[in-house]
Each structure stands twice: as C-alpha cells, then as structure tokens.
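I have placed the structure first, in the form of structure tokens, so that the comments after it can refer back to it.
The values are calculated or read from the model by the stated rules, or taken from the named source; none is laboratory data. Note that this is a predicted model, so its numbers are computed, not measured. As a convention, Cβ positions derive from the backbone with ideal geometry for all residues, glycine included, and neighbour counts pool all protein chains shown.
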Amino acid sequence: MMLRPRAFALEPLWARPFSIYALTPKTISFFIQVAGRGTAVLAGLEPGAPLTVWGPLGNAFAVEPEVRTLILAGGVGIAPFAAYAKSHPEPSRLSLVFGCRPPVAAYPYKEIAGIAAAEHFRERGPGDIETFIALLGERIRAFRDGLILACGPQPFLLTVKRLAREHGARLQISLENRMACGVGACLGCVTKAKVAGDSPEQAFANVQVCTKGPVFWADQIHLEGEEPWT
Ligand SMILES: Cc1cc2nc3c(=O)[nH]c(=O)nc-3n(C[C@H](O)[C@H](O)[C@H](O)COP(=O)(O)OP(=O)(O)OC[C@H]3O[C@@H](n4cnc5c(N)ncnc54)[C@H](O)[C@@H]3O)c2cc1C
Ligand code: FES
C-alpha cells in the first residue's frame, strides 16, 4: 500500500510504501518503523489526520498449504508475515526465524510465535552476525524440500539467497526498493529480473518492483551487490 498523509505537504513529496500488517472488514493497519523523514511524519500523525492510501499493489508471498514453509524475517521485514501467518490455512506447517538488533519486543514477533513455530536471534555485537548466518544456513538446509520466504534488509536478503542457492532450496524474497508512484509509472523502483526470451539479450530486463513484485522467486532476480548472472 502507498501512504501519503497531507502532512507531507511538499517535503517529502512522494508517498511511501508499506506492507499490510492487519486487515479487518473495517480497518487496515500498518506496522511502521521510523527510518527517515516520511516515516517520522507518519509516526507523529494525530488520530483523524487526513491520509491518502492506494493499493493493495503488486503481489504477495506464495501460500502452499501442503508444504513446510520457513519464514525468514530481518527487522521490520517481519511486518508482512503477521497477516501471512494469521491467514495461512495450515499454520502448523509454518516456522519463523527472526533476526533483529533492537529488543524483540519492539516487533510483532509474539503474534506469529502464538501461531507458528518461531525462534528469534538478537544481534548485539559484531561477532553475532556469524552465529546468525550459521543458524540461517542450518534452517534453510532443513527446509530445502519446502518453501522459504524472506523479507528484510538487503545484506540479509543477499545472505539468504546465497544460502538457499547452496542448499538448492526454493526461495521467495520481498524487495524493499524505493517507490514513488506504486503503480508502475515512474520506473523509480525497477530491479533486474529474468524474463522469457530465446536470446541471451532477452534473458533479463528491468521490471517494476511495485507491480511485478515486490515478491519474486529468488532465482528470477538479480540483487544489488550480487555476482553478475552467468
Ligand atoms: C513493498 C514495501 C513494503 C514495505 N513495508 C514496510 C512496512 O511494513 N513497515 C515499514 O516500516 N517499512 C516498510 N517498507 C520500507 C519503507 O517504505 C521505508 O522505510 C520508508 O519509505 C522510508 O521513508 P522515509 O521518508 O522515512 O525515509 P527517507 O528519509 O526518505 O530515507 C530513509 C531510508 O529509507 C529508504 N527509503 C526512502 N524512501 C523510500 C521508498 N519510497 N521506498 C523504499 N525505501 C525508501 C532510503 O533508502 C533510506 O535508507 C516497505 C518498503 C517496500 C518497498
Ligand atoms: S514506484 Fe513507480 S514504477 Fe514502481
């Protein structure tokens, strides 16, 4: 969903994208972490403040009720998984591994832990990252015959993608590219994705994350910072 409160005025100019955190027939909720100008304004809104909202936009993570599914979330990347877990037809087949730097209580971890098997890892110092990566590797290996879903910061996605490739696991990732229009028009959010085509020149193209994603099969996209495709 794209959110633009009237309080943005001309600064920041563009709306900001957020995942749906919870949905009822009458309400829609977002879990927002303050990252900069726009999120600071959103966090400071008074009840009843005018807000333009458009969406839902793009696609969603796959739901495969018969398949063991591992959710990997880093930081605010946990936001879309609360609704995912609550609406999953077989939550007993879901497992979550959640990594964060602030205390876990700052995130909607317990909501998912009440439904699915869940474990969390808090990174407190530079040495912890290796331990977390080792944990991710173990869990990905254990789910290599299942489905793996990931959302989080870019370095986290790069690591998860590498580990999934090493273990031959099926992985979907949700990208958090910068967005402005949310409807495929501004091309501000593009990423390189494989497209159908016979010649090598047609092997990949820039696609809009807002309309073709934000969720992609990991082997279909090229992440910034990744080795070039061969
Ligand atoms: C599909 C999608 C779903 C998201 N879901 C959530 C969510 O549920 N909860 C949540 O807290 N955050 C979510 N984000 C990230 C959120 O959109 C950014 O944190 C927010 O736009 C930052 O805006 P800002 O004005 O506060 O930051 P700025 O002051 O503009 O910049 C601070 C940081 O945010 C990044 N950023 C700035 N503008 C955007 C933008 N338009 N799109 C993406 N990143 C941007 C910048 O690269 C910079 O690192 C999501 C992003 C995407 C693309
Ligand atoms: S945000 Fe404008 S094309 Fe995706």
Could you list, in sequence order, the residues of segment 61-71 that are within 16 Å of ligand 1 (Cβ to nearest atom) and buried (at least 23 other Cβ atoms within 10 Å of the Cβ)?
71
Is at least one residue of segment 168-181 among the acidic types (Asp, Glu) and in contact with a Gly (Cβ under 8 Å, 6 or more places away or on another chain)?
yes
Does segment 204-227 hold any residues that are touching a residue at least 40 places away in the same chain (Cβ under 8 Å) and either in the same structural domain as residue 159 (by TED's automatic domain parsing) or more than 15 Å from the chain's Cα centre (by Cα) (or both), and which are they?
219, 224, 225, 226
Only one of (1) part of a helix (DSSP H, G or I); (2) more than 16 Å from ligand 1 (Cβ to nearest atom) does not apply to residue 79, and that is (2)
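Scan the strands (runs of 3 or more DSSP E) fully inside segment 117-230 and keep the ones with 2 or more residues being more than 16 Å from ligand 2 (Cβ to nearest atom) and more than 17 Å from residue 57 (Cβ to Cβ). Steps first, answer last, please.
Values: elements: 117-122, 147-151, 170-174, 191-194, 204-207, 215-217.
Qualifying strands (runs of 3 or more DSSP E): 117-122, 147-151, 170-174.
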Give me the residue from segment 121-144 that is among the hydrophobic types (A, V, I, L, M, F, W, C) and more than 14 Å from residue 159 (Cα to Cα) and, out of that set, surrounded by the fewest Cβ atoms within 10 Å (Cβ to Cβ).
142
Restricting to segment 1-36, name every residue that is closer than 26 Å to residue 150 by Cα, away from ligand 2 (no atom under 16 Å from the Cβ) and surrounded by 10 or more Cβ atoms within 10 Å (Cβ to Cβ).
20, 21, 22, 23, 28, 29, 30, 31, 32, 33, 34, 35
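Just to check your reading of the model, which residue among 147, 187 is surrounded by fewer than 16 Cβ atoms within 10 Å (Cβ to Cβ), modelled with pLDDT of 95 or more and in contact with a strand residue (DSSP E or B) (Cβ under 9 Å, 6 or more places away or on another chain)?
Of the residues listed, the single one that is surrounded by fewer than 16 Cβ atoms within 10 Å (Cβ to Cβ), modelled with pLDDT of 95 or more and in contact with a strand residue (DSSP E or B) (Cβ under 9 Å, 6 or more places away or on another chain) is 187.
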